[in-house]
Structures are given as structure tokens and as C-alpha cells.
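Enquirer: My questions will all concern the structure given below.
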Amino acid sequence: MQEFFDLDTYLSLDPSQLADSVLHCPECGRDHNIPIKNVISGSGLLQLFPSLIKDISENITEVVGVVYDRQIEDKIKRRVIQPLHELGLSLVRVPLGQKGEILDASTAIGDEAAASLPDSVPLLISAGSGVISDLTKWIATQRKIPYILLGTAASMNAYTSITGSMSVGDVKTSKWLDPASAVLLDTDLLVSAPPQMTCAGIGDLLARNVANADWKLASLIRGVYFCSVPYQMMAPYQQSLLSGASALGSHDPRQMKNLADAILVSGYSMTVLNGETSPSSGAEHILSHFFDFQHHIFGLPKNLHGTQVGLASIITSAAYELLRELDITQLDIDEIEQRRLSEVAIKFDHRRVFGEHGVLFDKVVNQKRIPDVEFRKYIVGILNNWNRILDDISPYLLPSETIRRALEEAGGATKLVDIHRTEEEVIQALLYGSHYRPRYTILDLFWELGLFPDIVPEILKRAQV
Ligand SMILES: [Zn+2]
Ligand SMILES: [Zn+2]
């Protein structure tokens with residue numbers, strides 16, 4: 001493992017150079033580890049497989065398992081299995097899911113696949129995007145065998161993350177899983193993915209600004225740990241992402257290499273924090289997770305993760321704009337206290353809206369609610385430090401207009417109708433998102449300042465969604 005002490009040197013490294021490294025961070029004093037041995041982007045990467053497998057273990061002479069989604073079986077056969085076969089690898093197919101059904105990264109499906117994997121398979125290759133990567137991470141971790149991730153779409157940023165986003169029952173949970181031995185993003189494969197998947201990847205990356213502003217906000221208000229290095233790691237990629245969005249939407253291969261690198265580094269930004277997702281996941285991800293929850297509970301349509309995150313990034317950026325324009329001299333502390341809902345009232349409301357699932361929401365509220373006796377002092381503390389808070393979070397933010405334009409140019413989702421949600425359903429996500437996920441974000445602050453629910457329509461109007 002290479003060691004780094006100097007931040008400028010570290011920030012100048014490309015995704016391949018960052019693999020298998022540790023930064024002794026001059027900013028926060030912690031070690032930022034990347035335990036993945038090989039990370040490569042570019043074209044023609046399939047031919048690297050025989051030597052990569054040899055690197056992992058000299059002894060792997062048996063068949064290796066290829067995990068993929070049955071929905072894209074024909075494509076995987078043609079573009080992955082056949083070429084790997086021609087390179088002399090013996091492969092066993094591990095198709096998951098059913099044709100005509102959207103596969104979910106659930107622990108149930110992962111456990112079943114892990115249990116039925118033949119003992120003779122010493123290594124897995126994941127050929128797919130988000131769901132297949134998460135399931136492969138899960139299966140390999142259960143079976144304690146190494147795995148290589150081969151991304152088939154630039155649709156999300158978790159390839160180089162050491163966690164997986166798994167459904168346990170109706171709830172998505174982040175799970176610590178064994179790191180991949182290698183991650184490959186082959187641009188020949190990425191350009192052959194459906195364009196909406198590429199747009200989803202752009203959407204997932206555009207979460208960076210709100211996510212880091214939320215993380216900084218939580219550090220200022222709730223005292224959580226913060227380090228700006230993960231944010232800085234993404235700086236070299238953001239400009240090309242914003243200015244190259246239209247070329248990406250049309251799958252220009254040169255831009256695809258930039259997007260692939262951005263996706264790899266964005267995944268690192270979570271891995272360097274031991275899997276803590278704060279630098280890539282704030283209020284915009286909470287909204288996206290809530291849209292998934294609405295799919296599970298109310299049967300509302302499912303969308304790609306990044307598609308939801310991109311649109312939610314426009315909405316939450318607009319929320320930050322309203323927060324920064326707020327005249328706090330107009331806020332009355334007595335009124336804020338009076339408006340605050342009691343725990344009993346909140347529980348009652350959770351039952352009313354979510355029935356039996358309300359318990360889940362109660363738990364999250366319990367976790368982060370400031371006790372009534374401390375609340376006044378807490379709010380006074382926020383208001384007294386208001387300008388400093390705004391000064392400290394502002395450098396991380398982008399105008400909602402900039403995010404919308406990039407998504408528009410790429411051909412991504414910029415309207416509620418694009419993710420099949422009504423205004424009422426998105427209002428529900430804004431109001432209850434903070435009761436669904438424990439992470440502190442701007443959504444909590446709006447409740448605490450007594451600005452929710454009234455300000456929600458204004459947020460959506462500002463976001464022009
Ligand atoms: Zn640090
Ligand atoms: Zn994401």
C-alpha cells in the first residue's frame with residue numbers, strides 16, 4: 001500500500017494511482033484508506049482479466065463465476081462472457097433475477113445466490129451496474145472469496161465504495177462489505193449502456209455539492225466529524241462534468257473516460273471515510289431513498305437511483321438558496337418553540353401517514369431529536385452563529401440552475417413527471433425524509449426553525465421542477 005502525507009500530491013493522483021493507498025490526512029488527522037488493489041478505466045480492458053486473476057491468486061485455475069442480471073443476458077453473453085471465454089477463461093454463469101422484472105439488491109436474493117454458488121467457484125466477476133455490483137459484493141463477502149467488478153454502465157458511483165446498498169425487507173441499508181480486488185470501467189461497455197443510465201450517473205455525481213454542504217452543516221450544528229478532502233478529490237472532475245454534459249448524453253467516448261474517472265473517485269470519497277457516505281449523500285439522497293420507500297410501500301413507480309438523485313439535487317440546492325436568503329431577524333424564538341411538534345404528535349402523524357411503517361420513522365426521530373428542555377438554547381445557538389454557518393457551507397454549494405442546466409443538456413430528468421411523482425408525493429418526501437434517515441441535513445434544519453411545512457411549495461417553485 002502506498003502512503004501519502006502531502007495533500008497536493010494526493011489530490012493530483014488519478015483513480016488508478018489512488019488505488020491501494022493511504023493518506024495520513026493533514027486536514028483531519030485521520031488515515032484515509034483505499035483498500036482496492038487495482039482500479040482501471042479506459043477501453044479494451046477485458047483483455048486484462050487473465051493477468052488480474054493471476055495477480056489475485058496464482059492458484060485460480062478453476063472456473064470463475066460471472067454474476068449478471070438476466071434482463072441483459074444477451075448483452076452480457078456477447079460483450080463479456082464470449083470475449084472472456086476467448087481469452088481462455090472457464091466461466092460459470094450466475095444469472096440473477098427474472099426477465100421482465102426489475103432486480104433489487106436485497107439480502108434475501110444475495111443470501112440465496114451465495115448459498116447456491118458451487119464450492120468450486122473461487123472468484124466472482126460482477127458484470128453489471130449498481131444492483132449487480134451490490135449483490136456481488138454481498139455474495140463474495142458471504143462466501144469469503146475475492147471478486148472483480150466490471151461496470152457495464154456509468155449509472156452510479158458505488159463501484160469503488162466498500163459498502164453496498166442492500167434492501168433488508170422494505171428498508172435500504174448501507175452494509176460494510178469486503179473490498180473488491182479490482183474495479184474496471186471499460187468505456188466500450190459504458191458507451192453501449194442506455195443513455196438514461198449515463199444520465200443517472202451524472203445525477204448521482206451532482207449530489208456532491210448539497211451532500212458536502214449538508215455534512216458541513218451537520219458538523220457546525222451537531223458537531224459531527226468533517227473533512228473536506230473527499231470534496232476536494234472530486235474538484236478536477238466537476239468542471240468537465242458540468243461543461244461536458246451534452247457530449248456525455250450523446251455518449252462521446254472521450255467524455256465517457258472523464259465520467260468513468262469521476263465515478264471512480266466519487267466512490268473513493270466514501271471509501272476513504274471507511275464507508276461513511278456523507279461526502280456523496282445528503283438531503284438529495286434522502287429524497288431518493290424516500291422515493292424508493294414510496295415504491296415499496298405505496299407502489300409508486302421505481303426509477304434509477306441516480307435519476308432520482310439528480311432531480312433531488314436541483315430541489316435541495318433550491319432549498320439551500322431559500323435558506324441563504326432567509327431573514328433570520330423575522331424568526332421569533334417563542335413562535336419556533338410553539339410550532340415545534342411534540343413527540344406524541346409526531347408519532348400520531350407517522351401512524352396516520354405510514355400505518356405500521358410509522359414505527360420505523362419514530363425510531364429515527366428519537367435518534368436525533370433535541371430534548372425539549374435543551375431546544376431553546378439549541379436554536380439560539382444556531383441563530384447566533386447564523387452568518388458563520390452560511391459562510392462555512394456556501395463554498396460547497398452550486399446554484400440549482402447550474403445543476404438543472406447540466407442535467408438538461410445531458411438529457412436527464414429535471415421535472416417531477418420524469419420520475420413519475422406528483423407534487424404532493426414529493427412534498428411528502430421533503431417533509432418526512434428527515435424522519436426516515438438518521439443523517440442530519442437541511443431537511444432537519446427546516447423543521448427545527450419552524451419553516452416546514454410552509455416553505456415546501458416555495459422550494460419546489462424555486463427549483464422549477
Ligand atoms: Zn481528512
Ligand atoms: Zn448515490
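The values are calculated or read from the model by the stated rules, or taken from the named source; none is laboratory data. Everything quoted here is computed from the prediction, not taken from an experiment. Quick reminder, even Gly has a Cβ in these numbers, built from the backbone with ideal geometry, and neighbours come from all protein chains shown.
Enquirer: Take the residues in the range 128-167 that are part of a helix (DSSP H, G or I) and within 13 Å of the chain's Cα centre (by Cα), then tell me which one is nearest to ligand 2 (Cβ to nearest atom).
Expert: Of everything passing the filter in the range 128-167, GLY130 is nearest to ligand 2 (Cβ to nearest atom).
Enquirer: If only one of ASP392, ASP362 is in contact (Cβ under 8 Å) with a residue 12 or more places away in the chain and under 30 Å from ALA235 (Cα atoms), which one is it?
Expert: The conditions single out ASP392.
Enquirer: Could you grab the pairs with beta carbons closer than 8 Å, sequence gap of 6+ or different chains, first residue in the range 301-321 and within 8 Å of SER400 (Cβ to Cβ), second one within 16 Å of ligand 1 (Cβ to nearest atom) and among the acidic types (Asp, Glu)?
Expert: So the pair list comes out empty.
Enquirer: Let me ask something additional. For the range 110-117, does any single residue satisfy the condition of being within 16 Å of ligand 2 (Cβ to nearest atom) and at pLDDT 95 or above?
Expert: no
Enquirer: Let me ask something else. Taking the range 7-30 only, how many residues are in a loop (DSSP other than H, G, I, E, B) and away from ligand 1 (no atom under 13 Å from the Cβ)?
Expert: Residues flagged as in a loop (DSSP other than H, G, I, E, B) and away from ligand 1 (no atom under 13 Å from the Cβ) within the range 7-30 amount to 5.
Enquirer: What number of residues in the range 196-226 are assigned to a helix (DSSP H, G or I), surrounded by fewer than 24 Cβ atoms within 10 Å (Cβ to Cβ) and away from ligand 2 (no atom under 14 Å from the Cβ)?
Expert: Count: 7.
Enquirer: OK, next. State which residue pairs qualify: first residue polar (S, T, N, Q) and modelled with pLDDT of 95 or more and inside the range 217-246, second residue within 16 Å of ligand 1 (Cβ to nearest atom) and part of a helix (DSSP H, G or I) in any location, beta carbons under 7 Å apart, and separation of 6 or more residues or different chains.
Expert: GLN232/LEU11
Enquirer: Could you list all residues from the range 430-441 that are surrounded by fewer than 24 Cβ atoms within 10 Å (Cβ to Cβ) and hydrophobic (A, V, I, L, M, F, W, C)?
Expert: Within the range 430-441, LEU431 is the sole residue that qualifies.
Enquirer: Sticking with this one: Quick one: LEU407 ticks every box in (1) part of a helix (DSSP H, G or I); (2) more than 25 Å from HIS251 (Cα to Cα); (3) in contact (Cβ under 8 Å) with a residue 60 or more places away in the chain except a single one, so which number is it?
Expert: Unmet for LEU407, out of (1) part of a helix (DSSP H, G or I); (2) more than 25 Å from HIS251 (Cα to Cα); (3) in contact (Cβ under 8 Å) with a residue 60 or more places away in the chain: (2).
Enquirer: Please go through the range 168-179 and give me each residue that is not charged (D, E, K, R) and not in a loop (DSSP other than H, G, I, E, B), ordered by number.
Expert: VAL168, VAL171, THR173, SER174, TRP176
Enquirer: A follow-up question, please. Residues of the range 37-54 being more than 18 Å from HIS85 (Cα to Cα) and polar (S, T, N, Q), which ones?
Expert: ASN38, SER41, SER43, listed by residue number.
Enquirer: What number of residues within the range 91-144 are touching a helix residue (DSSP H, G or I) at 6+ places or on another chain (Cβ under 8 Å) and of a type in the set (Lys, Arg)?
Expert: 3
Enquirer: Could you tell me whether the range 237-244 includes any residue that is over 14 Å from the mean Cα position of the chain (by Cα), surrounded by fewer than 24 Cβ atoms within 10 Å (Cβ to Cβ) and under 26 Å from PRO35 (Cα atoms)?
Expert: Scanning the range 237-244, I find at least one residue that is over 14 Å from the mean Cα position of the chain (by Cα), surrounded by fewer than 24 Cβ atoms within 10 Å (Cβ to Cβ) and under 26 Å from PRO35 (Cα atoms), so the answer is yes.
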